[in-house]
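Asker: Pasting a structure here, questions to come.
The values are calculated or read from the model by the stated rules, or taken from the named source; none is laboratory data. Just so it is clear, the model here is predicted, and its values are computed rather than measured. The area values use the complete protein model at the heavy-atom level, side chains included, leaving out ligands, DNA and RNA. Shrake-Rupley method; radii C 1.70, N 1.55, O 1.52, S 1.80 Å.
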Amino acid sequence: MATNGESKCKLCRRAGEKLFLKGEKCATPKCPVVRKPYAPGVHGGKGRQKSLSEYGKQLLQKQKVRRIYGVSEKQFRKHLKEATSKKGVAGDNLVGRLELRLDNVVFRLGLADSRARARQIVKHGHFIINGKKLDIPSACLKVGDEISIKQTKLEKKYFADKKMILGKNAGTPSWLSLDPKKMTGKILAAPVKDETEVSVDMQEVVEFYSR
């Protein structure tokens, strides 16, 4: 996992696309993927990239998903186990579980600029789920769950600024609802695959672990 801002940008360049690991910076011309659209390193912008084997392609997909959602290998395997134990397409189940993580839901509601920032504020105990404090970023929510911010935290500058931004532009996915005035959200339905913004073949990821 990346340990600082610069290494996060290198992960995106290595993946060959934006993984949106640094929030607002990713949407600006300053994004390193825009300025340096090639892999990092001395030879990153020279010559042809080495073709990958099927195993290499699947490994790359798996690493990309882990980096996007910021999950450890142990957490990822746990999500995969749950996904494969349920009915339906394992790949779809997997991305559904990742999308329902508390840190991801906070990010998708627009209450944090990145998943990393969402994890941080969740750990600080800012959020209430169904009336109870929850400070575990990896906790998986479910349809019907309601998300709110502790009353004592709402007046903090961070959330006050967020409230102004959300009031102007709340690009919330269809499976979530957001009340920008109250700064509350609700999970209306299972995550919609087409709205995940994750360009990864999740079935290849599942097959990687099936080897």
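Asker: When the solvent-accessible surface of protein heavy atoms is calculated with a 1.4 angstrom probe, in what order do Tyr69, Tyr55, Tyr209 fall, highest first? Intermediate values should be presented prior to the final figure.
Answerer: Values: Tyr69 0, Tyr55 110, Tyr209 45 Å².
Of Tyr69, Tyr55, Tyr209, the descending order of accessible area is Tyr55, Tyr209, Tyr69.
Asker: Okay, next question. From the phi of every residue in region 75-89, what ³J(HN,Hα) in whole Hz does the Karplus formula 6.51 cos²θ - 1.76 cosθ + 1.60 yield, where θ is phi - 60° and glycine or proline is x?
Answerer: For region 75-89, the Karplus curve yields 5, 5, 5, 5, 4, 5, 4, 5, 5, 7, 8, 9, 5, x, 7 Hz.
Asker: Sticking with this structure for a sec: Assuming 0.36 nm per residue, please report the length gained on full extension of the stretch Lys86 to Ser51 beyond their Cα-Cα distance. Walk me through the intermediate numbers first.
Answerer: Numbers: separation 35, 0.36 × 35 = 12.60 nm, distance 3.48 nm.
Residue separation times 0.36 nm, minus the Cα-Cα distance, leaves 9.1 nm.
Asker: Arrange the residues Arg77, Arg115, Arg66 by how much accessible surface each exposes, largest first, with a 1.4 angstrom probe.
Answerer: Details: Arg77 135, Arg115 15, Arg66 45 Å².
Sorted by accessible area, descending: Arg77, Arg66, Arg115.
Asker: Mind scanning Lys142/Lys163; Lys64/Lys182; Lys87/Lys162; Lys62/Lys163 and naming the pairs with a C-alpha gap bigger than 32 Å?
Answerer: On the way: Lys142/Lys163 25 Å; Lys64/Lys182 34 Å; Lys87/Lys162 38 Å; Lys62/Lys163 35 Å.
Beyond 32 Å between Cα atoms: Lys64/Lys182; Lys87/Lys162; Lys62/Lys163.
Asker: Something else now. Which pairs in the list Lys132/Lys156; Lys78/Lys157; Lys57/Lys86; Lys81/Lys132 are over 31 Å apart, alpha-carbon to alpha-carbon?
Answerer: From the list (Lys132/Lys156; Lys78/Lys157; Lys57/Lys86; Lys81/Lys132), the Cα-Cα distance tops 31 Å for Lys78/Lys157.
Asker: Starting from the Cα gyration tensor of region 60-103, take the square roots of the eigenvalues, sort them a ≥ b ≥ c, and report rounded, prolate or oblate (rounded when a/c is under 1.5, otherwise prolate if a/b is larger than b/c, else oblate).
Answerer: Values: a/c = 1.68, a/b = 1.47, b/c = 1.14.
It is prolate, given that a/c is not under 1.5 and a/b is the larger ratio.
Asker: Could you calculate, for region 90-198, the ratio of the Cα radius of gyration to the Kirkwood radius, expressed as Rg to Rh? Could the numbers behind the result be given before it?
Answerer: Working: Rg = 12.9 Å, Rh = 13.8 Å.
With Rg and the Kirkwood Rh in hand, the quotient comes to 0.94.
Asker: Further, regarding this structure: What list of ³J(HN,Hα) couplings, whole Hz, do you get for region 173-180 from phi and the Karplus terms 6.51, -1.76, 1.60, once you set θ to phi - 60° and write x for glycine and proline?
Answerer: Running phi through 6.51 cos²θ - 1.76 cosθ + 1.60 with θ = phi - 60° gives x, 5, 7, 10, 10, 9, 9, x Hz.
Asker: Using modelled amide H (1.01 Å from N, peptide plane; none on Pro or chain starts), what sits under 5 Å from the amide H of Arg101, excluding residues fewer than 5 places away?
Answerer: Residues meeting the criterion, in which the H sits 1.01 Å from N, are Leu141.
Asker: If you don't mind, there's one more thing I want to ask. Considering only C-alpha atoms, what is the centroid distance from region 62-115 to region 138-211, in Å?
Answerer: Region 62-115 and region 138-211 have Cα centres separated by 12 Å.
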